[in-house]
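The values are calculated or read from the model by the stated rules, or taken from the named source; none is laboratory data. For clarity, every value in this text was computed on a predicted model and none was experimentally measured. Counting neighbours? That spans all protein chains shown, and the Cβs are built from the backbone with ideal geometry, glycine included. The protein model used for the area step is the full one, side chains on, heavy atoms only, and it has no ligands, DNA or RNA in it. Shrake-Rupley method; radii C 1.70, N 1.55, O 1.52, S 1.80 Å.
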Amino acid sequence: MNEPQDKSRRGFIGTAAVGTAGLGIAALAPGLHLIQVSQADTPTQGASSTVRWGMLIDTTKCASGCDACVKACNTENGIVETVKDARQGAQWIRKIELKDPKNGREHSLPMMCQHCANPPCVDVCPTGASMKRADGIVLVDRHICIGCRYCMMACPYKARSFVHQPLTEQNPEVPRGLGCVESCTFCVQRVDKGLKPACAEACPEGAMTFGDLNDPNSEIAQRLAREASTQVRADLKLNTGVRYQGI
Amino acid sequence: MALMKQALVGFAAVLLLAPALAVAGAPKPTVKIENPGQCIAPAEEMRRNHMDMLKHQRDRTMRQGIRGEKASLNECISCHASKSSGSVTGKDGFCQECHSYAAVKLDCWDCHQPKAGQKHAGAAGAKP
């Protein structure tokens, strides 16, 4: 859907975004009025297909009982649990404790949408609401989601949930509401601003590395090239964007 | 005839709880512009086309990740929220007043926060 990016323009936007509004105006073409600039901001170029966002989770650093990532996710995305039945709770991110019964080795890890390159949720969606952005982020377009929940059945990671009750305290940047399926968005509203997802930022151990899998110079790509990592249910060949170490 | 018309106007005014409607001629919706600034297009164009602008913007942001464009719903809200309630819905709500007059019902507020300026620390960050 997206054309390859014009590098020079992207560079300019990057700089303008870091600078203050005043700097941004100074750099714009003459003839633009102040008021127009303040209204239109500087449109971003949108998701690029040259990028593939991913995350590497080092479970050896992930402490059992720590849920800093889950808390950060809830705050960022305005998730306040109101349902009585725990099975109906939001599943944007959750902590899982695993134990190998043979040798007693324990693991603790966060599980969420794995942002698959071949996402089964997108395959089964009857309306096109389940979608993958050009930069690999898998989302539900809740404007056209009819709440059928096929995608929840199709997801091998149980990473999607359905909103069962009316909501009122949403974060303005993260609309969510009754009757739609939702899941981890990699904090798309942050990523589009050049920030990393809230969970990765909050992890006290720095166990969650977020970055561009397609950029050979990114920390995540370099570590994947050097160190061993696993895709959960690699047998399904979904080519997940979230990878784990130590499991 | 004149009586009937008066009765009708009176009825509409009661229905919409908007006394301003009882002025001479056809009843008009109350549209309060409370905040300074300039809309993204002239008022005539906005009245006619805002729904198309929003829909177009919705798809560009949601599906293509393009942000910071003119017809952003959050931007409408930050300019048009009422000073008393901070919202575009409810009594004096900019979007709601006109829509109840026109018998339009939106589902947007099931998900979108109709109150302006509710950004919290985590989501703030630099404006794109």
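Which members of the range A:45-61 meet the condition of being of a type outside the set (Ser, Thr, Tyr) and open to solvent by 30 Å² or more (accessible area, probe 1.4 Å)?
A:Gln45, A:Arg52, A:Trp53, A:Lys61
So if I check each of A:Asp235, A:Asp135, A:Asp141, which one is in contact with a helix residue (DSSP H, G or I) (Cβ under 7 Å, 6 or more places away or on another chain) and of a type in the set (Asp, Glu)? Even if it seems obvious, please write down each step before you answer.
Values: A:Asp235 fails: in contact with a helix residue (DSSP H, G or I) (Cβ under 7 Å, 6 or more places away or on another chain); A:Asp135 fails: in contact with a helix residue (DSSP H, G or I) (Cβ under 7 Å, 6 or more places away or on another chain).
Criteria check complete, one pass: A:Asp141.
Restricting to the range A:123-164, count the residues that are more than 11 Å from chain B (Cβ to nearest Cβ) and more than 19 Å from B:Arg60 (Cα to Cα).
Of the residues in that region, 22 qualify.
What's the total number of residues in the range A:110-123 that are assigned to a helix (DSSP H, G or I) and surrounded by 16 or more Cβ atoms within 10 Å (Cβ to Cβ)?
Let us first name the residues in the range A:110-123 that are assigned to a helix (DSSP H, G or I), namely A:120-123.
From the residues that got through so far, the ones that are surrounded by 16 or more Cβ atoms within 10 Å (Cβ to Cβ) too are A:120-122.
The number of residues fulfilling the criteria is 3.
For a quick check of your reading: which strands (runs of 3 or more DSSP E) sit entirely within the range A:145-247 and have at least 2 residues that are open to solvent by 10 Å² or more (accessible area, probe 1.4 Å)? Outline the logic, then answer.
Details: elements: A:160-162, A:181-183, A:208-212, A:242-245.
Fully inside the range A:145-247 and qualifying: A:160-162, A:208-212, A:242-245.
Check the range A:89-109 and report whether any residue there is among the basic types (Lys, Arg), in contact with a strand residue (DSSP E or B) (Cβ under 9 Å, 6 or more places away or on another chain) and within 12 Å of chain B (Cβ to nearest Cβ). Walk me through how you get there before you give the answer.
If we filter the range A:89-109 for residues that are among the basic types (Lys, Arg), which is where we start, we get A:94-95, A:99, A:102, A:105.
Narrowing further to those that are in contact with a strand residue (DSSP E or B) (Cβ under 9 Å, 6 or more places away or on another chain): A:94-95, A:99, A:105.
Narrowing further to those that are within 12 Å of chain B (Cβ to nearest Cβ): none.
So far as the range A:89-109 goes, no, none of its residues is among the basic types (Lys, Arg), in contact with a strand residue (DSSP E or B) (Cβ under 9 Å, 6 or more places away or on another chain) and within 12 Å of chain B (Cβ to nearest Cβ).
If a residue must be open to solvent by 80 Å² or more (accessible area, probe 1.4 Å) and within 10 Å of B:His80 (Cα to Cα), how many such residues does the range B:32-42 contain?
3
Does the range B:43-50 contain at least one residue that is more than 14 Å from chain A (Cβ to nearest Cβ), farther than 22 Å from A:Gly46 by Cβ, surrounded by 14 or more Cβ atoms within 10 Å (Cβ to Cβ) and of a type outside the set (A, V, I, L, M)?
Yes; the residues of the range B:43-50 include at least one that is more than 14 Å from chain A (Cβ to nearest Cβ), farther than 22 Å from A:Gly46 by Cβ, surrounded by 14 or more Cβ atoms within 10 Å (Cβ to Cβ) and of a type outside the set (A, V, I, L, M).
Can you name the residue in the range B:51-83 that is of a type in the set (Lys, Arg) and under 19 Å from A:Asn171 (Cβ atoms) and, of all such residues, is farthest from the chain's Cα centre (by Cα)?
Ranking the qualifying residues of the range B:51-83, first place goes to B:Arg67.
Just give me the residues in the range A:168-181 being within 11 Å of chain B (Cβ to nearest Cβ), in contact (Cβ under 8 Å) with a residue 12 or more places away in the chain and not polar (S, T, N, Q), in sequence order.
Step one: of the range A:168-181, the residues within 11 Å of chain B (Cβ to nearest Cβ) are A:168-180.
Adding the requirement that they be in contact (Cβ under 8 Å) with a residue 12 or more places away in the chain leaves A:169-171, A:173-180.
Of everything in the range A:168-181, those that are within 11 Å of chain B (Cβ to nearest Cβ), in contact (Cβ under 8 Å) with a residue 12 or more places away in the chain and not polar (S, T, N, Q) turn out to be A:Glu169, A:Glu173, A:Val174, A:Pro175, A:Arg176, A:Gly177, A:Leu178, A:Gly179, A:Cys180.
Quick check, is A:Pro120 at pLDDT below 95 and touching a helix residue (DSSP H, G or I) at 6+ places or on another chain (Cβ under 8 Å)? Before the answer, list the steps.
Numbers: at pLDDT below 95: no; touching a helix residue (DSSP H, G or I) at 6+ places or on another chain (Cβ under 8 Å): yes.
Criteria not met by A:Pro120.
Which pairs do you get when a residue that is without any contact (Cβ under 8 Å) to a residue 24 or more places away in the chain, found in the range A:87-115, comes within reach of a residue that is open to solvent by 30 Å² or more (accessible area, probe 1.4 Å), reach meaning Cβ atoms under 6 angstrom, with the pair 6+ apart or on two chains?
Taking only residues 6 or more apart or on different chains, the pairs are A:Lys99/A:Glu106.
Consider the range A:63-82. How many of its residues are assigned to a helix (DSSP H, G or I), open to solvent by 50 Å² or more (accessible area, probe 1.4 Å) and out of contact with any Gly (no Cβ under 8 Å at 6 or more places or on another chain)?
Residues in the range A:63-82 being assigned to a helix (DSSP H, G or I), open to solvent by 50 Å² or more (accessible area, probe 1.4 Å) and out of contact with any Gly (no Cβ under 8 Å at 6 or more places or on another chain): 2 in total.
Looking at A:Ala134, A:Ala90 in this structure, which one is modelled with pLDDT of 95 or more and not in a strand (DSSP E or B)?
Within the list A:Ala134, A:Ala90, the selection yields A:Ala134.
Kindly indicate whether any position in the range B:26-49 is within 16 Å of B:Cys95 (Cα to Cα), modelled with pLDDT under 50, small (Gly, Ala, Ser) and out of contact with any Phe, Trp or Tyr (no Cβ under 7 Å at 6 or more places or on another chain). Before you say what the answer is, go through the steps one by one.
Going residue by residue through the range B:26-49, those that are within 16 Å of B:Cys95 (Cα to Cα) are B:28-35, B:39-40, B:43-49.
Next, only the ones that are modelled with pLDDT under 50 stay: none.
Within the range B:26-49 (the criterion being within 16 Å of B:Cys95 (Cα to Cα), modelled with pLDDT under 50, small (Gly, Ala, Ser) and out of contact with any Phe, Trp or Tyr (no Cβ under 7 Å at 6 or more places or on another chain)), the answer is no, since none of the residues qualifies.
Determine which single condition A:His107 fails, assuming it passes every other condition in (1) in contact with a Gly (Cβ under 9 Å, 6 or more places away or on another chain); (2) surrounded by 18 or more Cβ atoms within 10 Å (Cβ to Cβ); (3) assigned to a strand (DSSP E or B).
(2)
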